[in-house]
Amino acid sequence: MGFRVIKTAIATLMAIFIADALGVPGANSAGLLAILGVDVTRKRSLASITARFFASTLGLLLAFGIFYFLGFHIWVLAIYILVAFPLIARAGFKEGIVTSSVVVFRVFSGGEISWHVLLIQVELLIIGLGSAMVVNFLYMPKTEDKLLETRREVDALFSGIFQEIAASLRDPYRLWDGKEITDAARKIDEGYALAKRAAENQMISPNEAWTAYFIMRKEQLSRIEGMLELISQVYHRIPQGEFVAVLFDRLSVDVNQEEYTGITEQMLAELEEEFKKMEMPSTREEFEMRSAILQLCRELSLYLAVSKKNKAPIPRIAEKRGAKRKQASIK
């Protein structure tokens, strides 16, 4: 049983009891309106209930005019639908068309139009939709723990991908089914949907950090897919592949950190300087593979730029590491 079902049951009972206690005729209709008003997030609930209320009010006014001039005949309902639905949609209350139809059909069943009937329908709308809003706003399930768990799963999958990339660079003949790629894509989509829902439940100053994280991972996964295409062009073991494999070993550790360490970036910069000092390729095959390795480094640099932009940096780690290397070179 989903949590939304429980909220719907509570809102329905609340609406019926309130309407009955106030002596409003058709208390069950208030319960039906409450069912239509329950939604998954606070923001969506507010938008939905607002649209349903104004759509129903507009529909009632149109229905009263149509029923007054044409009477209560079955074919008149078709006229109402042809006139009211486009007007309600154009007014920006398309989501409330079903709710307005429920209210109008109730008036049609009564076969009477008067200010008293109009007041009763408005009262039912306020009680039914109001009950749904109260239940929606009182409690929404906490998502922080689930988001944190999803983040850890995504980070672990990324770490596994980088380990596989490092292993492939060391042994180009190694086979990998790439399951971690599809699993990561699925988890990122799940996390993004959950993060959006969590943000919509925060009415004041919503926290967009989780949404930004999953957008970052989605962009980085696209970079990784590009890296895999380049790695497929490295079909023999070469020293440059071994060097780059070390970077991915390091990245498989860094990816689990909440902050941006900058270590892999520093190592990449140093490796690129080393590449410049190396001799030119002696064969076409070596040229093609080293070219793919160089492009792989460019893709890795872009991947790291995304992390650096979105993660909180820890500059001291990279700086200390760079200082140690300088001291070692002086010695």
Checklist entry - Using θ = phi - 60° and the Karplus curve 6.51 cos²θ - 1.76 cosθ + 1.60, what whole-Hz ³J(HN,Hα) does each residue of the range 52-64 get, with Gly and Pro shown as x? => result 5, 5, 5, 5, 5, 5, 5, x, 5, 4, 5, 5, 4
Item to check | Cα-Cα separations in the chain greater than 30 Å, expressed as whole percent | outcome: 56 percent
Item to check | Proximal aspartates and glutamates to K179, defined as alpha-carbon separation beneath 13 angstrom and excluding residues fewer than eight positions away on the same chain | outcome: E164, E225
Checklist outcome for this item: Checking rank on 123-130, 23-30, 154-161, with mean other Cβ inside 10 Å and highest first, the result is 123-130, 154-161, 23-30
Checklist entry - Roughly how many nanometres apart are two label points built 7 Å out from the Cα toward the Cβ at L22 and A78? => result 3.7 nm
Item to check | Highest average packing first - 225-232, 59-66, Cβ atoms within 10 Å | outcome: 59-66, 225-232
Checklist entry - So what is the 222 nm mean residue ellipticity for the chain from helices alone, if each DSSP H run of at least 4 adds -39500 (n - 2.57) and you divide by all residues, rounding to the nearest 500 deg cm²/dmol? => result -27000 deg cm²/dmol
Checklist entry - Residue by residue through the range 236-249, which ³J(HN,Hα) values in whole Hz follow from phi under the Karplus form 6.51 cos²θ - 1.76 cosθ + 1.60 (θ = phi - 60°), with glycine and proline marked x? => result 9, 6, 9, x, 4, x, 4, 4, 5, 4, 4, 4, 6, 4
Item to check | For Y260, residues with placed amide H under 5 Å, excluding near neighbours | outcome: A312, I314
Checklist outcome for this item: With N residues in the range 144-330, Rg(alpha-carbon) / (2.2 N^0.38 Å) equals 1.13
Item to check | Fully extended contour minus Cα-Cα distance, from L87 to E144, at 0.36 nm per residue | outcome: 16.4 nm
Item to check | Per-residue HN-Hα couplings for the range 280-287 [Karplus 6.51, -1.76, 1.60; θ = phi - 60°; Hz; x = Gly/Pro] | outcome: 5, x, 9, 10, 4, 4, 5, 4
Item to check | Within the chain: Cβ-based charge dipole about Cα centre, in debye rounded to nearest 20 (Lys, Arg +1; Asp, Glu -1) | outcome: 600 debye
Checklist entry - In the calculated pair distance distribution of the range 1-154, what percentage of Cα-Cα distances lie above 27 Å? => result 30 percent
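Read-outs throughout are calculated quantities, based only on the coordinates presented, and are distinct from any laboratory measurement. Since the model is a prediction, treat every value here as computed from it, not as a measurement. For neighbour counting, all protein chains shown are included, and Cβ atoms are generated from backbone atoms with ideal geometry for every residue, glycine included.
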